[in-house]
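Report on one structure; see the data block that follows.
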Amino acid sequence: QVQLVESGGGLVQAGGSLRLSCAASGGTFNSYTMGWFRQAAGKEREFVARISWMHSITYADSVKGRFTISRDNAKNTVYLQMNSLKPEDTAAYYCAGNLKELSPQYWGQGTQVTVSS
């Protein structure tokens, strides 16, 4: 059974930075495409970024140039560095594991990011 545990969320002012982490256990992390999604209150969950086992990366247009996804296979961990945060980035952020296109097989429990103006 694969478990994904996010950390690093919190409250930050606009223009600030946060780094989210997602620690994976179980499964074969090194072979998975990992990703991040987010869901703002009253809205549908949306794709943010993904990284393949070969470190091929894709970002949503809304975060390009501000967010950076990375992974450390030795630590079974994927990261999301978020810079120049905006109030519209406020959402619950979910780690996603073993993506096929944009459909994950596994989800974390989510971590809240709140950006104040």
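The values are calculated or read from the model by the stated rules, or taken from the named source; none is laboratory data. Treat the numbers as computed from the prediction; the structure is a model and nothing was measured. Every residue, glycine among them, receives a Cβ derived from its backbone with ideal geometry; neighbour counts consider all protein chains shown. Side chains are part of the model used for accessible areas, which takes the heavy atoms of the whole protein and leaves out ligands, DNA and RNA. Shrake-Rupley method; radii C 1.70, N 1.55, O 1.52, S 1.80 Å.
So here's what we get for this one:
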item	result
Solvent accessible area, Å² - Ile57, 1.4 Å probe, full protein context	70
For Lys75, solvent-accessible area (1.4 Å; no DNA, RNA or ligand), Å²	130
At 1.002 mPa s and 20 °C, Stokes diffusion of the range 54-117 via Kirkwood alpha-carbon radius, µm² per second	162
For the chain, Kirkwood radius (reciprocal of mean inverse C-alpha pair distance, Å)	13.9
Qualifying GluC sites (Glu not before Pro) in the range 36-108, DSSP loop, other Cβ atoms within 10 Å at most 16	Glu44, Glu101
For Trp53, distant residues with modelled amide H under 5 Å away	Thr33
Accessible-area composition of the chain, carbon plus sulfur, in percent [1.4 Å probe]	47
Antiparallel DSSP beta bridges within the chain, as percent of all bridges there, nearest 5	90
Amide hydrogen neighbours beyond the local backbone of Thr90, cut-off 5 Å, H modeled	Val115
Note, ³J(HN,Hα) from phi for the range 32-39, Karplus 6.51, -1.76, 1.60, rounded to Hz, x at Gly and Pro	8, 7, 10, x, 10, 10, 9, 9
Surface accessible to a 1.4 Å probe, Arg19 within the full protein complex, Å²	130
Electrostatic dipole magnitude of the chain [Cβ: Lys, Arg +1; Asp, Glu -1; Cα centre; debye, to 20]	140
Long-range HN-HN contacts of Gly16 with modeled amide H, under 5 Å	Leu85
